[in-house]
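J.: Let me give you the structure first, and then I'll get to my questions.
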Amino acid sequence: MSKPKILIPFYSRTGTIEGLAKAIAEGASAEGGEVRLRRAREFVPPDVMAQAPGWKEQADAMNARHEAPTADDAVWADAIIFGSPTRFGAVAAELKAYIDSLGGLWAKGALNGKLGSAFGGSATPHGGNESTIISLYNPMAHLGLIIVPTGFADAAMFKGAGTPYGASVVSGNPPSGPTPEELDVARFQGRRVTQVAKKLFA
Ligand SMILES: Cc1cc2nc3c(=O)[nH]c(=O)nc-3n(C[C@H](O)[C@H](O)[C@H](O)COP(=O)(O)O)c2cc1C
């Protein structure tokens with residue numbers, strides 16, 4: 001088969017989720033996947049962004065590194081691995097806006113049978129990174145994606161990082177990381193999704 005096509009649409013404000021996304025891309029590439037890493041854009045007005053020092057500058061820097069995700073990217077992909085920081089226990093609005101933009105594809109059943117997976121982060125260990133990842137499972141089910149969790153399917157899952165639902169970062173406040181252990185789980189997630197894509201679409 002041609003290389004499995006792996007789309008990684010993520011939102012990150014201060015870079016920790018971007019770090020996980022890059023590690024997932026590394027894992028997928030190591031397994032032979034062709035990767036598109038895409039950062040969902042802000043849609044709040046500039047005066048709102050200006051209230052958080054550094055938000056605009058970090059967004060500009062990440063946007064220079066990553067294109068915005070499009071519906072065509074989702075059509076292209078064999079697997080979509082969504083990533084988001086926790087916003088009050090759930091997905092960030094910026095990534096959710098991208099998911100909501102896929103309604104036309106949902107209406108045509110165009111994403112049925114592709115793979116879906118998710119990763120996330122929160123400031124504190126019990127601040128909601130698991131609920132954020134699981135909240136991403138809901139739209140994946142509606143879109144017809146076949147959900148691929150990390151499980152405890154690799155040695156990386158037994159080193160005190162990540163979750164069986166998907167890779168995660170506990171960033172602290174101000175945010176920092178991911179740690180080497182968190183990056184190992186993310187690389188594993190990239191490998192695992194790509195391995196399943198190879199088996200399913202060979
Ligand atoms: C509006 C807002 C809401 C947040 N809600 C939570 C939360 O409910 N629980 C938590 O632990 N962290 C929360 N955080 C912190 C981020 O989820 C966390 O720092 C994340 O790792 C940052 O990722 P990033 O560096 O990729 O932007 C929130 C941050 C913001 C700005």
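J.: Going highest first, how would you order 126-137, 35-46, 96-107 by mean Cβ packing within 10 Å? Walk me through the numbers before you get to the answer.
T.: Numbers: 126-137: 20.5, 35-46: 17.2, 96-107: 15.6.
In decreasing order of mean packing, 126-137, 35-46, 96-107 become 126-137, 35-46, 96-107.
J.: For a quick check: with amide H placed at 1.01 Å from N, whose amide H comes under 5 Å from GLY32's, ignoring anything fewer than 5 positions away on the same chain?
T.: Residues meeting the criterion, in which the H sits 1.01 Å from N, do not exist here.
J.: Sticking with this structure for a sec: Taking the alpha-carbon centroid of each part, what is the distance from region 140-182 to region 14-41 in angstrom?
T.: 13 Å
J.: Could you check which residue among LYS22, LYS108, LYS159 shows the biggest mean-square fluctuation in a GNM of the chain with a 10 Å Cα cutoff?
T.: Comparing LYS22, LYS108, LYS159 in a Gaussian network model of the chain, the most mobile one is LYS108.
J.: Could you run the Debye sum over the Cα atoms of region 5-201, one equal point scatterer each and no solvent, and tell me log10 of I(q)/I(0) at q = 0.09, 0.14, 0.19 Å⁻¹, two decimals?
T.: Values returned for q = 0.09, 0.14, 0.19 Å⁻¹ are -0.29, -0.71, -1.35.
J.: Taking just the alpha carbons, could you work out the radius of gyration and Dmax for region 38-78, both in angstroms?
T.: 12.7, 39
J.: Sticking with this one: Rounded to the nearest 500, what is the 222 nm mean residue ellipticity of the chain from helices alone, with -39500 (n - 2.57) per DSSP H run of 4+ residues and division by all residues? Display every interim value, and only then the final one.
T.: Values: 8 runs with 87 residues, N = 202.
It lands at -13000 deg cm²/dmol.
J.: Can you compute the charge dipole magnitude of region 5-201 about its Cα centre, using +1 on each Lys and Arg Cβ and -1 on each Asp and Glu Cβ, nothing else charged? Give it in debye, rounded to the nearest 20.
T.: Working: 19 positive and 19 negative charges, 75 e Å.
Magnitude of the dipole: close to 360 debye.
J.: Hey, another quick one. Shape call for region 22-139 from the C-alpha gyration tensor, a ≥ b ≥ c root eigenvalues: rounded (a/c under 1.5), prolate (a/b greater than b/c) or oblate? Working shown, then result.
T.: On the way: a/c = 1.43, a/b = 1.38, b/c = 1.04.
Note, shape of region 22-139 comes out rounded.
J.: What does DSSP give for the chain in terms of the percent of beta bridges that are antiparallel, rounded to the nearest 5? Can you show the working numbers first?
T.: Working: 3 of 24 bridges.
The antiparallel fraction comes to roughly 10 percent.
J.: Using only alpha carbon pairs under 8 Å that are at least six residues apart, calculate the relative contact order of region 5-201 and give it in whole percent. If you can, show how the numbers build up before the last one.
T.: On the way: 405 pairs, mean separation 53.8, N = 197.
For region 5-201, the relative contact order is 27 percent.
J.: Cα-Cα over 31 Å: which of LYS56/LYS114; LYS3/LYS56; LYS5/LYS96; LYS22/LYS199; LYS3/LYS108? Numbers along the way, then the final one.
T.: Details: LYS56/LYS114 34 Å; LYS3/LYS56 36 Å; LYS5/LYS96 22 Å; LYS22/LYS199 23 Å; LYS3/LYS108 25 Å.
Too far apart for the 31 Å limit: LYS56/LYS114; LYS3/LYS56.
Bear in mind these aren't lab numbers, they're just calculated from the coordinates by the rules spelled out. Note that the structure is a prediction, hence the values are computed from the model and not measured. Methodologically, a virtual Cβ is constructed for each residue, glycine included, from the backbone with ideal geometry; neighbour enumeration extends over all protein chains shown.
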